[in-house]
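Notes follow once the structure below has been shown.
Please treat every number below as a calculation from the coordinates, not as lab data. As the structure is a computational prediction, the values presented were derived from the model and not from experiment. All Cβ positions, glycine included, derive from the backbone under ideal geometry; neighbour counts span all protein chains shown.
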Amino acid sequence: MSSENTVRKFPIATDEDGKPRTISGTCDITVNLSDRRGVKMTFYLYSDDTKEEVNKRMDEAQDVLDRQLIRIDLVNKEAQIASHTENLKALKKGYEGLVSEQQKGRKMTSQQKLQMENFGLQELQIVDTIASLRAAIDEGKRKLAAP
């Protein structure tokens, strides 16, 4: 029995002539999708790779990861719309409450008066933000649908 260590090479790929290609390294591309999620792609580098071949594989891997980023971004933007929509409802409810108090002849504090004065601007900012998020979602969906 031999105690000699042997290394066996198992060809993973072959060239156009059917000859095995020698792995000379790996390349990792990682993207963080959120604070809890990430995706990592690893591919082999072969000793006979040209720069163009390596760049093509890296570009293809990045295209895949970019698609995943768009998908998670859509989910995040939809959550932001839901949050802004709830904020808008709360803002309107607060404003209506202040108007009601004012109509009853109750004296308004300076803070309440300021809230009433700023309502229109705050409402407009939230509506604009929601519209911007919706436009970004539409663009993201368009990119996902593209071949």
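Measure nothing but the geometry: give the 0 to 90° angle between the long axis through the Cα atoms of 51-103 and the longest principal axis through the Cα atoms of the chain, rounded to 10°.
Once rounded, the angle reads 10 degrees.
Sorting Ser34, Ser132 on the 10 Å Cβ count, fewest up front, what's the list? Write down the numbers at each step before the final one.
Values: Ser34 10, Ser132 13.
Ascending number of Cβ neighbours within 10 Å: Ser34, Ser132.
Roughly speaking, what is the stretch gain from Thr14 to Glu117, that is 0.36 nm per residue apart minus the C-alpha to C-alpha distance, in nm to one decimal?
Numbers: separation 103, 0.36 × 103 = 37.08 nm, distance 7.24 nm.
Stretched out fully, the Thr14 to Glu117 stretch lengthens by 29.8 nm.
Can you tell me which lysines have their Cα less than 20 Å from the Cα of Lys56? Leave out same-chain residues fewer than eight positions away.
Lys40
With a ≥ b ≥ c the root eigenvalues of the C-alpha gyration tensor of the stretch 58-145, is it rounded (a/c under 1.5), prolate (a/b larger than b/c) or oblate?
Prolate, since a/c reaches 1.5 and a/b exceeds b/c.
For Lys51, list the aspartates and glutamates whose Cα falls under 13 Å from its own Cα; do not include residues on the same chain fewer than 8 positions away.
Asp59
Relative to the present Cα-Cα distance, how much length would full extension add between Leu144 and Arg37 at 0.36 nm per residue of separation?
Length difference between fully extended and current span is 36.6 nm.
Does anyone have the angle between helix 110-145 and the longest principal axis of the chain? Alpha-carbon axes, 0 to 90°, nearest 10?
Between helix and principal axis, roughly 30 degrees.
Given the pairs Lys77/Lys143; Lys92/Lys113; Lys92/Lys141, which span a C-alpha to C-alpha distance of over 20 angstrom in this model?
On the way: Lys77/Lys143 15 Å; Lys92/Lys113 15 Å; Lys92/Lys141 31 Å.
Over 20 Å Cα-Cα: Lys92/Lys141.
Would you calculate, for the chain, the mean residue ellipticity at 222 nm contributed by helices, counting each DSSP H stretch of 4 or more residues as -39,500 (n - 2.57) and dividing by all residues, to the nearest 500?
Helices in the chain give a 222 nm mean residue ellipticity of -22500 deg cm²/dmol.
Provide Phe119, Phe43 in ascending order of the number of other Cβ atoms located within 10 Å of each residue's Cβ, fewest first.
Lowest count first: Phe43, Phe119.
Run the quick spin-label model on Glu52 and Gln103: label points 7 Å from Cα toward the beta carbon, then report their separation in nm to one decimal.
Going by the 7 Å Cα→Cβ label model, 7.5 nm.
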